[in-house]
1. How would you rank 61-67, 111-117, highest first, on the average number of other Cβ atoms within 10 Å across their residues?
2. Determine which lysines satisfy two conditions relative to residue 33: a Cα distance under 29 Å, and not lying fewer than 8 residues away in the same chain.
3. Considering amide H positions built from the backbone, and no H for Pro or chain starts, which residues 5 or more places from residue 15, or on another chain, come under 5 Å of its amide H?
4. Using mean Cβ contacts within 10 Å as the protection proxy, how do 188-198, 89-99, 10-20 order, highest first?
5. Considering only protein heavy atoms and a 1.4 Å probe, what is the carbon-and-sulfur percentage of the accessible area of the range 3-245?
6. Going by the alpha-carbon gyration tensor, a ≥ b ≥ c the square roots of its eigenvalues, is the range 116-246 rounded (a/c under 1.5) or, if a/c is not under 1.5, prolate (a/b greater than b/c) versus oblate?
7. To the nearest 20 Debye, how big is the dipole of the range 3-245 about its Cα centre, given +1 on the beta carbon of each Lys and Arg and -1 on that of each Asp and Glu?
8. Just need the relative contact order of the chain here, percent rounded to a whole number, with Cα pairs under 8 Å and 6+ apart.
Amino acid sequence: MSWLELLNNLESGAVRAATQDDNGQWHANVEVKKGILEAFKNGTNTEFAGGFVDKHNLAPQEFTAENGVRMVPGGSSVRRGAHVAKGTIIMPPAYVNIGAFIDEGTMVDSHALVGSCAQVGKNVHLSAAVQLGGVLEPIGASPVVVEDDAFIGAGCVIVEGVVVKKGAVLAPGVRLSATIPVYDCVNERQLDKGEPIPEYAIVIPGSRPASNAWAREQGLSMSCALIVKYRDEQSDASLLLEEVLR
């Protein structure tokens, strides 16, 4: 498949930068990522209307009413090679990078970033200033994944291939990366490194004592995330989050 065919297939949703196996595990699609990098190599910097410069073959997409996407005026952009499904709402300014996949009914709020190859499920709410990290290299690195019906609060940052499972709720300001520990206060355990945020978990920002003796003497702490509750399929994410944060 040529890089041009690949970009078209990414936009239509026929291929994706990551796939889920029968066990629910997500894996990077190496061939897709190779094709995206090939598109970059074959592009030349070109001036576009509006005073910006990018690769000639990676211009922002233009939507029509037939696409079923509501792109509100004010500076948002969806780059070539990203899939945005019907029913998606994009509030300004927001940015969706190449290789990203956004499924039906999702809200991408102001100042949100859906990074390269990030995967977002159906009916997800990405609140204002949410950052989903992108990854093209190394080729085998898995992207950030937010599964169906998740609610991601304002200012959350999710990077380094973290997976947020179906129906999970992240309170404003939660930071998730490969090195930030997550403590399940309901089941009284620490999640293993690389373990996804479980389905229907409600997660809030937390802190833990610094490991260095001098730092502990100074009363310093380090960031972590705390699972403080689980919702069921019928419970309202925003109401439960408000209850937890009170």
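The values are calculated or read from the model by the stated rules, or taken from the named source; none is laboratory data. Remember, it's a predicted structure, so these values are computed and weren't measured experimentally. All Cβ positions, even for glycine, are placed from backbone atoms using ideal geometry, and neighbour counts span all protein chains on display. For accessibility, only protein heavy atoms count, side chains too; no ligands or nucleic acids. Shrake-Rupley method; radii C 1.70, N 1.55, O 1.52, S 1.80 Å.
1. On the way: 61-67: 10.7, 111-117: 24.6.
Going from most to least packed, we get 111-117, 61-67.
2. 41, 55, 86, 122, 165, 166, 193
3. Excluding prolines and chain starts, which carry no amide H, the hits are 10.
4. On the way: 188-198: 13.8, 89-99: 21.6, 10-20: 17.5.
Result, highest mean first: 89-99, 10-20, 188-198.
5. On the way: 5830 of 11690 Å².
C and S atoms contribute 50 percent here.
6. Values: a/c = 1.82, a/b = 1.17, b/c = 1.56.
It is oblate, given that a/c is not under 1.5 and a/b is not larger than b/c.
7. Numbers: 19 positive and 29 negative charges, 117 e Å.
In total the dipole reaches around 560 debye.
8. On the way: 635 pairs, mean separation 26.0, N = 246.
After rounding, I find 11 percent.
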